[in-house]
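The values are calculated or read from the model by the stated rules, or taken from the named source; none is laboratory data. Predicted model only: the values in this text are computed from it and were never measured. Please note: Cβ atoms are built from the backbone with ideal geometry, for glycine as well, and neighbour counts cover all protein chains shown.
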Amino acid sequence: MLSNLRKNRGMTLGELLIVVIILSIVIFGVYSANYFNQIYKVRDTKRKESLSKLQKILEDFHNDHNRYPSQFELSYELADDVSANWDTALAGKVCGSRKTSQVMNNYFNELPCEPNSPESDYYYLLFDSAQKYAIFTRLENESDPIINEVGCQYGCSYFLDENDPGNSISNHYFNYYVSSSNFLIEPCYRDTDYWSCYPNRPILNDRCKICTDLSCQQGYATIFCKANWCLGNCGN
């Protein structure tokens, strides 16, 4: 009889404590996820605003000088995978007021820095006789629809050799960029080694093809990626 009474008492204090702990962990996990998502969105908003500010600086400079600023004028450090020559290197890191010449003093005091700098930076690509540029970053909220809008859902990057961009893609990948109006990062460029990613195709080996083998259509392709990256990221 005593045994039956114990069974009917319900949960013991220890069991109740375990339930409370489990519920606390679940609630904490949900709260933490929402908390960090909000932090990511706030930082991403700052990134977008910073790149818009950089765009205005670059366009104002171009209106006055008929070119965009050189790496020496705008970047504080060259990207780690480009030439060490400041006069010929295509990509550099942008932040603050370091490595800028006097000519830039009329356009800014301090350039915006990436929120996680110095662990990460904005990357400035300049080419075509300083007539075209792009600035790359990585948004932390990877579900932001603007990533698909700019075509970076499979990764965007800069090239290291202006004369052979398809075979000189950097291993630094980003998911957002702004650029000069005369430079649109297209799904693929003819006669290069850019690869297209077709994730919705039912046959795995047909999802990733070299651009010269397929018609280039807006919105379908990985931007600036080599075959090995495409094959590794387009198969799932």
For this session: Among the residues of region 84-95, write down those that are of a type outside the set (S, T, N, Q) and either over 21 Å from residue 174 (Cα atoms) or out of contact with any strand residue (DSSP E or B) (no Cβ under 8 Å at 6 or more places or on another chain) (or both).
Result: 84, 86, 87
Exercise. Within region 43-73, can you find the residues that are small (Gly, Ala, Ser) and either in a helix (DSSP H, G or I) or within 16 Å of residue 182 (Cβ to Cβ) (or both)?
Worked result: 50, 52
Exercise. Got a sec? Which of 64, 60 is modelled with pLDDT of 95 or more, loosely packed, with under 12 Cβ neighbours inside 10 Å, more than 20 Å from the chain's Cα centre (by Cα) and not hydrophobic (A, V, I, L, M, F, W, C)?
Worked result: 64
Problem set entry | Residue satisfying condition, being among the small types (Gly, Ala, Ser), touching a residue at least 24 places away in the same chain (Cβ under 8 Å) and surrounded by fewer than 18 Cβ atoms within 10 Å (Cβ to Cβ), within set 134, 130 | 130
Seminar exercise, completed: If we ask which residues in region 82-101 are loosely packed, with under 14 Cβ neighbours inside 10 Å and closer than 20 Å to residue 159 by Cα, their number turns out to be 4
Exercise. Can you name the residue in region 102-123 that is within 13 Å of residue 55 (Cα to Cα) and in contact (Cβ under 8 Å) with a residue 60 or more places away in the chain and is also surrounded by the fewest Cβ atoms within 10 Å (Cβ to Cβ) among such residues?
Worked result: 112
